[in-house]
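Asker: My structure is below; once you've seen it, I'll send some questions.
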Amino acid sequence: MGFKKRNRQISVFEYPSGFHGVSIDPSNRWVKLSHQMPWDLIEEIYATKFNGPRGNRAYSSRLAFGALFLKQALNVSDADLIELVRENPYLQFFLGFEEFSSELPFDTSLMSYFRQRFTAAEICQINEAIIAQNPLKKPSSNDDSDDDSSGGHSGKAIPKTLSRALLRSMTWYRQTAVR
């Protein structure tokens with residue numbers, strides 16, 4: 001599987017007409033969060049999973065991790081997430097799409113592959129980098145619940161430690177998000 005480093009995040013100001021025809025508001029929470037995510041760290045971790053040029057072209061690290069992050073943030077099933085991304089230019093922007101498309105971004109089966117690409121320790125490392133973006137507020141102490149769900153919808157449970165790490169990031173995000 002070949003991994004190719006992706007370009008930087010596009011700026012909401014790069015396209016005079018917006019996100020290729022869809023006007024993107026720079027004050028939107030997903031736009032703001034996209035600028036706070038440690039995408040370089042995520043890409044560095046993700047790139048280690050690919051050993052050479054064989055296999056299908058890899059999806060971007062931003063899409064892989066971003067989809068997992070959004071699934072937890074929105075507490076939806078894999079299928080619902082893909083529909084939400086298809087319908088929402090802000091979620092597509094968050095995932096690094098270069099233009100808005102009403103086509104399905106990927107198949108639901110890829111979510112299981114995305115989950116396999118990040119270990120619990122790597123999720124914790126990314127989690128700490130996300131939290132470090134806002135040192136004034138830390139996650140509340142009740143973040144270590146024993147809930148083992150992945151949103152309760154998809155039937156594809158995220159391992160407990162991975163779920164806790166993502167939930168910790170999401171708890172922090174919900175506490176600090178500018179809406």
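Asker: Kindly indicate whether any position in region 65-88 is touching a Pro at 6+ places or on another chain (Cβ under 7 Å) and of a type outside the set (A, V, I, L, M, F, W, C).
Answerer: Applying the first criterion (touching a Pro at 6+ places or on another chain (Cβ under 7 Å)) to region 65-88 yields 82, 85-86.
When the remaining residues are screened for being of a type outside the set (A, V, I, L, M, F, W, C), the result is 86.
Yes, region 65-88 contains at least one residue that is touching a Pro at 6+ places or on another chain (Cβ under 7 Å) and of a type outside the set (A, V, I, L, M, F, W, C).
Asker: Quick one: which residue in A64, A47 is under 18 Å from Q116 (Cβ atoms), open to solvent by less than 10 Å² (accessible area, probe 1.4 Å) and either out of contact with any Lys or Arg (no Cβ under 8 Å at 6 or more places or on another chain) or at pLDDT 65 or above (or both)?
Answerer: On the way: A47 fails: open to solvent by less than 10 Å² (accessible area, probe 1.4 Å).
Unique residue meeting the criteria: A64.
Asker: While we're on this one: Keeping to region 101-121, report how many residues are among the aromatic types (F, W, Y) and part of a loop (DSSP other than H, G, I, E, B).
Answerer: 2
Asker: Just checking, how many residues over region 128-154 are open to solvent by less than 70 Å² (accessible area, probe 1.4 Å) and at pLDDT below 85?
Answerer: 13
Asker: Would you check which residues across region 31-56 are closer than 22 Å to E99 by Cα and of a type in the set (G, A, S) and list them?
Answerer: S34
Asker: What are the residues in region 86-100 that are part of a helix (DSSP H, G or I) and closer than 17 Å to D40 by Cα, if any?
Answerer: F93, F94, listed by residue number.
Asker: Here's something else I'd like to know. Pairs under 8 Å by beta carbon, first residue touching a residue at least 24 places away in the same chain (Cβ under 8 Å) in region 26-49, partner among the acidic types (D, E), six or more apart or different chains?
Answerer: Cβ pairs passing all conditions: V31/D25; I45/E122.
Asker: Consider Y46 carefully, then state whether it is under 18 Å from the mean Cα position of the chain (by Cα), of a type outside the set (A, V, I, L, M, F, W, C) and not in a helix (DSSP H, G or I). Spell out how you get there, then give the answer.
Answerer: Numbers: under 18 Å from the mean Cα position of the chain (by Cα): yes; of a type outside the set (A, V, I, L, M, F, W, C): yes; not in a helix (DSSP H, G or I): no.
The answer is no for Y46.
The values are calculated or read from the model by the stated rules, or taken from the named source; none is laboratory data. Note that this is a predicted model, so its numbers are computed, not measured. All Cβ positions, even for glycine, are placed from backbone atoms using ideal geometry, and neighbour counts span all protein chains on display. These area figures cover heavy atoms from the full protein model, side chains too; ligands, DNA and RNA do not enter into them. Shrake-Rupley method; radii C 1.70, N 1.55, O 1.52, S 1.80 Å.
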